[in-house]
Amino acid sequence: MTRLVNPLKEKLGRGEAVVGTFVSLPAPPFVQILAASGFDYLIVDCEHGPIGPETAQAMITATAVSDCVPLARVPWNLPWLAKPLLDSGALGIVFPLIRGPEDARAAVAACRYAPGGERGWGPFYAPSRWRLGAFEYSAAADAAVLTILLIEHVDAVRAIDAICATPGVDVAMIAPYDLSTSLGKPGAFEDPAFLAAVAEAERGIRATGVVLGGLAATAERANALLERGYRFLCLAYDVLLIETAMRGLLSGLRR
């Protein structure tokens, strides 16, 4: 590779749908298996997983067995949390609990070098992950890195137009668990208030060039979202995938 290319961003730019999952287990070998299984991307989950920077770097590197693109979720919208993950080779950051355009602007700035952002220069490991020199990497990183916002609070729904109008936002992903909780209806995914909030968020995201993203626990649900214009799909998360597979295996066992 002579230039930094983000295959995920190229697919989205062509209007294709992409599929991935969250990885909260601090296990590089597990990432290696998932990366080779056909996912377009994996999100190293530093918000809800017990994953420190050293393990995150190893998990990001473990995706190199395939074309699977490593992303990472930070625990909060702060540049110093995104920086080591980008410097490890992640080609996108997922920012939680975005509530307004100020949060969106901060997220974009965390993913970009000066003068357009707040990312400090120091890509000691990312260039080798992508088989580049340091300055080859940094010259193209601003254009290659995805800024992904989680729409998971009622305030974000109210400000969805301004959030999605923020230059540099690539993906807005509706996260149902926190969104339903912020409405005071945790897990009530058929409640009219929740459905109305999702519809309003979908409207605002579709009205811009921002990619609409969402979470689906099953292939059936994922197909339904695709029909509604979702193009950034997250198939559940690693713990749920393992639990579902193991329970299905055990349920078919005759003891």
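Within region 39-85, the only residue that satisfies the criterion of being more than 15 Å from Pro26 (Cβ to Cβ), among the small types (Gly, Ala, Ser) and touching a strand residue (DSSP E or B) at 6+ places or on another chain (Cβ under 8 Å) is Ala82. Among the candidates Val211, Val198, the residue that is surrounded by fewer than 22 Cβ atoms within 10 Å (Cβ to Cβ), touching a strand residue (DSSP E or B) at 6+ places or on another chain (Cβ under 9 Å) and at pLDDT 95 or above is uniquely Val198. Arg231 meets the conditions (1) crowded, with 21+ Cβ neighbours inside 10 Å; (2) touching a strand residue (DSSP E or B) at 6+ places or on another chain (Cβ under 7 Å) in every case but one. The failed one is (1). Pairing each residue of region 6-18 that is within 19 Å of Ala222 (Cβ to Cβ) with any residue that is assigned to a helix (DSSP H, G or I) and not polar (S, T, N, Q), provided the two are 6+ apart or on different chains, yields C-beta distances under 7 Å for Ala17/Leu226; Val18/Leu8; Val18/Lys11; Val18/Leu12. Please specify each residue of region 54-65 satisfying the condition of being loosely packed, with under 14 Cβ neighbours inside 10 Å and either at pLDDT below 95 or touching a helix residue (DSSP H, G or I) at 6+ places or on another chain (Cβ under 7 Å) (or both). Val65 - this is the single residue of region 54-65 that is loosely packed, with under 14 Cβ neighbours inside 10 Å and either at pLDDT below 95 or touching a helix residue (DSSP H, G or I) at 6+ places or on another chain (Cβ under 7 Å) (or both).
Residues in region 17-73 that are among the hydrophobic types (A, V, I, L, M, F, W, C) and not in a helix (DSSP H, G or I): 18 in all. Could you check region 165-182 and list, in sequence order, the residues that are surrounded by fewer than 23 Cβ atoms within 10 Å (Cβ to Cβ) and part of a helix (DSSP H, G or I)? Across region 165-182, the qualifying residues are Pro176, Tyr177, Asp178, Ser180, Thr181, Ser182.
If we scan region 214-223, do we find a residue that is over 22 Å from Val94 (Cβ atoms), polar (S, T, N, Q) and either touching a Pro at 6+ places or on another chain (Cβ under 9 Å) or part of a helix (DSSP H, G or I) (or both)? Yes, region 214-223 contains a residue that is over 22 Å from Val94 (Cβ atoms), polar (S, T, N, Q) and either touching a Pro at 6+ places or on another chain (Cβ under 9 Å) or part of a helix (DSSP H, G or I) (or both).
Of note, Tyr177 satisfies the criterion of being modelled with pLDDT under 95 and under 23 Å from Asn77 (Cα atoms).
Consider region 147-202 and keep the residues that are closer than 24 Å to Glu10 by Cα and of a type in the set (Asp, Glu). The one that is farthest from the chain's Cα centre (by Cα) is Glu202. Quick one: would you say Tyr237 is surrounded by fewer than 19 Cβ atoms within 10 Å (Cβ to Cβ), under 28 Å from Pro26 (Cα atoms) and among the aromatic types (Phe, Trp, Tyr)? No.
The values are calculated or read from the model by the stated rules, or taken from the named source; none is laboratory data. In this text the structure is predicted, and so the values were computed from the model without any measurement. So basically every Cβ, Gly included, is an ideal-geometry build from the backbone, and we count neighbours across all protein chains shown.
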